[in-house]
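Since the structure comes first, as structure tokens, the remarks are kept for the end.
The values are calculated or read from the model by the stated rules, or taken from the named source; none is laboratory data. This structure is a prediction, so every number in the text was calculated from the model and none was measured. Note that each Cβ is placed from the backbone with ideal geometry, even for glycine, and that neighbours are counted across all protein chains shown. Heads up: the accessible areas ignore ligands, DNA and RNA and are worked out on the full protein's heavy atoms, side chains in. Shrake-Rupley method; radii C 1.70, N 1.55, O 1.52, S 1.80 Å.
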Amino acid sequence: PNCFILYTYPFILNTMNRVERRIKTVWIEFVVWILHVVGCLPSHYVRRFFYRLAGVSIGKGSALHMGTIFYYPGNISIGSDTIIGEKATLDGRAKLVIGNHVDIASEVMIYNAEHDIHGDDFHASQAAVHIQDFVFIGPRAIILPGVTIGKGAIVGAGAVVTKDIEDYAIVGGVPAKVIGERQNKNPHYRLGRAAWFR
């Protein structure tokens, strides 16, 4: 009997670990689905309540417009007075940190996990994304894993950001390249109140 236990123990332990991972994955998928439903409610207060309940850190005065899509909400941190536009995608599979007074337009996609297209097993790799204070990201821009966007930088509409952006740089294109520099090097504005029913 002792030999049987000795030989079957690794199998049992491996099976239990797989079952635990599967339960965890299903639970996160359920939470993300609930947040998807909540994202259709036309009330910033209700949405913020549920997003915070799911683990998203949201600073004072920040608003997430309707239709926001989350992956692993517990790794997402949003500063104060930040506005996230409609149907934005926020990936929390690795750390996602969004600063204060950040304006993210509609349908922006921020990812911090991707597949290794050269790997034999097409495995996923993850890298944190950091967006500093006073950044503006234009509509339908895509931010890829491992990127840091410097303070006051501007990302043009439809740009695909594959590498770090310096403070106050203006970037655009696919892949995003520097196309200018922001003149105001000391921003101190507030974004103001978000629209009530968006």
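Protein heavy-atom surface of segment 92-186, 1.4 angstrom probe: 52% of the accessible area is carbon and sulfur, with nucleic acids and ligands not counted. Cross-link partners for residue 151 among the aspartates and glutamates, with Cα-Cα distance under 13 Å and sequence neighbours closer than 8 places in the same chain left out: 103, 133, 164, 166, 167, 181.
Which of 113, 154, 126 sits closest to the plus end of the dipole of the chain, meaning its Cα is farthest towards the positive end, when Lys and Arg get +1 and Asp and Glu get -1 on the C-beta? Sorting the options by dipole projection puts first 154. Antiparallel versus total DSSP beta bridges in segment 108-170: what percent is that, nearest 5? In segment 108-170, DSSP labels about 25 percent of beta bridges as antiparallel.
Taking the highest mean first, how do the peptides 185-197, 103-115, 46-58 order by number of other beta carbon atoms within 10 angstrom per residue? It would help to have the intermediate numbers written out before the result.
Numbers: 185-197: 10.7, 103-115: 19.3, 46-58: 16.8.
Highest mean packing first, the order is 103-115, 46-58, 185-197.
Rounded to the nearest 10 degrees, the angle from helix 44-53 to the longest Cα principal axis of the chain is 30 degrees. Model label points for residue 118 and residue 162, set 7 angstrom from Cα along the Cα-to-Cβ axis, are 1.2 nm apart. The long axis of helix 2-38 is offset from the longest Cα principal axis of the chain by roughly 30 degrees. Under 11 Å from a label point set 7 Å out along the Cα-to-Cβ vector of residue 14, no amide N atom of segment 115-151 is found. Projected label points at residue 33 and residue 148, each 7 Å from Cα along the beta carbon direction, are separated by 3.9 nanometres.
Working out 0.36 nm times the residue gap between residue 197 and residue 80, then minus their Cα-Cα distance, what length gain in nm do you get to one decimal?
On the way: separation 117, 0.36 × 117 = 42.12 nm, distance 2.02 nm.
Answer, rounded to one decimal: 40.1 nm.
What does the helix-only formula give at 222 nm for the chain: each DSSP H stretch with n ≥ 4 adding -39500 (n - 2.57), the total divided by the residues, and the result rounded to the nearest 500 deg cm²/dmol? Numbers along the way, then the final one.
Values: 2 runs with 47 residues, N = 198.
Mean residue ellipticity at 222 nm (helix-derived): -8500 deg cm²/dmol.
With 20 Å as the limit, the listed pairs 24/163; 87/177; 24/95; 163/185 have 24/163; 87/177; 163/185 beyond it between alpha carbons.
A Förster radius of 35 Å combined with the Cβ-Cβ distance from residue 53 to residue 182 puts the calculated FRET efficiency at roughly 0.45. Solvent exposure of segment 1-157, expressed per residue, is 54 Å² of accessible area, with all protein chains present and a 1.4 angstrom probe.
The string of couplings for segment 67-83 from the Karplus curve (6.51, -1.76, 1.60, θ = phi - 60°) is x, 4, 10, 10, 10, 6, x, x, 9, 9, 10, 10, x, 8, 6, 10, 10 Hz, one whole number per residue in order, with x for Gly and Pro.
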